[in-house]
1. Taking the stretch 139-148 as the search range and keeping residues that are out of contact with any Leu (no Cβ under 7 Å at 6 or more places or on another chain) and in a loop (DSSP other than H, G, I, E, B), which one is farthest from SER164 (Cα to Cα)?
2. Residues that are modelled with pLDDT under 95 and within 28 Å of the chain's Cα centre (by Cα): which helices (runs of 4 or more DSSP H) entirely in the stretch 1-109 hold 2 or more of them?
3. I'd like to check which strands (runs of 3 or more DSSP E) are fully inside the stretch 215-282 and have at least 2 residues that are open to solvent by 10 Å² or more (accessible area, probe 1.4 Å) and not hydroxyl-bearing (Ser, Thr, Tyr).
4. Scan the stretch 287-302 and tell me whether some residue there is touching a strand residue (DSSP E or B) at 6+ places or on another chain (Cβ under 7 Å), part of a helix (DSSP H, G or I) and of a type outside the set (S, T, N, Q).
5. Any idea which of LEU136, LEU160, LEU152 is in contact (Cβ under 8 Å) with a residue 40 or more places away in the chain, in a strand (DSSP E or B), open to solvent by less than 20 Å² (accessible area, probe 1.4 Å) and of a type outside the set (Val, Ile, Thr)?
6. Across the stretch 110-133, what is the number of residues that are in a strand (DSSP E or B) and at pLDDT below 90?
7. Determine which member of the set ILE188, ILE176 is farther than 30 Å from PRO230 by Cα, β-branched (Val, Ile, Thr) and in contact with a strand residue (DSSP E or B) (Cβ under 9 Å, 6 or more places away or on another chain).
8. State all residues of the stretch 98-113 that are within 21 Å of GLU297 (Cα to Cα) and in contact (Cβ under 8 Å) with a residue 24 or more places away in the chain; if no residue qualifies, say none.
Amino acid sequence: MIIQKKYIRNLSKYLGYLKEGSTIIFGVPIAPENKAILYRIGFTDPIEIGNTILPSPIFGSVSSFNAEGKYTIRKDLPKETAYRQIEWHWEQWCGYGETESMSKIVDVPYERYPRDFISPPGVELSIGSSSEGQLLLISSKIQYKKANEKFLIHVINLFLEIFSSVHVFTADLDSIDITKTKRLNWTILPEGEYPWERIQPLVTPILDRASTGNRPVLRNRYGVISSYIPKFVAVGNGGFSGYLIFGFPGKGIYVCESAFYGNATYIFDQDWQELSKLTKAQILSNDLQKDRLIHREDWEQKVAALLE
């Protein structure tokens, strides 16, 4: 069956013919005309069976929610004080009629309604092939049952947002070959020293996508971490785009910094090679981090306490 819509809300209308507990896979055939979409998702050449990635959040609200989650605003609750960071500039008197331009990152308080965070589903897509040798972009196997209804709708809408159609595979699922999964969510650069001069070209594309007011704040964070000279850097791809991992293996510390507004700095002390094989939800939602540093004015001091 093929579903061709912009968005669905009712599952039974499209999959009601299936028996409760049936196993299904969603996917689309890979053709020359949609290879460009694969690259936008985050895949790179060569396109090989088993390659797996969290899709980039650039396609719309569904892919954004899938990779980043979302907030619900609680207007039923009293407002609270929150903080945003900005770069503050001033002229400092130096004597003899001269001044010096100064700047620093400061917290600016503001009132807002509380927000509840809804974790991202984190659906990853893989390259597989049919028994006829047709390359496919597919989801994992999912059971068709009432408890999975919201998730099934989300997966369908993810494909529809990206491709405008999705195939529903229900028969001969074992003939769909995925072989060994190879996640492409991270590009791990060669080991060596990474001072700011080597970090800057990596973060420039991230800064270019950020809002003008947020760029100095992000540049400061990346600069502070790189000042401790990490020994390796991993750059996020696809749905991890905007994330960087700074490795300090001598200290057993791996620092995950994100360009997305509101995200904290995550500190890990586990083997990064193993962490890089996990999904985004597993990394950020299962208490695998050693620490979580909120982006406030004391952030630099907390980083220093870990890395000095």
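The values are calculated or read from the model by the stated rules, or taken from the named source; none is laboratory data. Fair warning: this is a prediction, and the values are worked out from it, not measured in the lab. Every residue, glycine among them, receives a Cβ derived from its backbone with ideal geometry; neighbour counts consider all protein chains shown. Just the protein is used for accessible areas: all its heavy atoms, side chains included, with ligands, DNA and RNA removed. Shrake-Rupley method; radii C 1.70, N 1.55, O 1.52, S 1.80 Å.
1. For the stretch 139-148, the residue satisfying everything is LYS145.
2. Those helices (runs of 4 or more DSSP H) span 35-41, 61-68.
3. Those strands (runs of 3 or more DSSP E) span 232-236.
4. Checked the stretch 287-302: at least one residue is touching a strand residue (DSSP E or B) at 6+ places or on another chain (Cβ under 7 Å), part of a helix (DSSP H, G or I) and of a type outside the set (S, T, N, Q).
5. Values: LEU160 fails: in a strand (DSSP E or B); LEU152 fails: in a strand (DSSP E or B).
Criteria check complete, one pass: LEU136.
6. The total comes to 2.
7. Exactly one residue qualifies, and that residue is ILE176.
8. SER103, ILE105, VAL106, ASP107, VAL108, PRO109, TYR110, GLU111, ARG112
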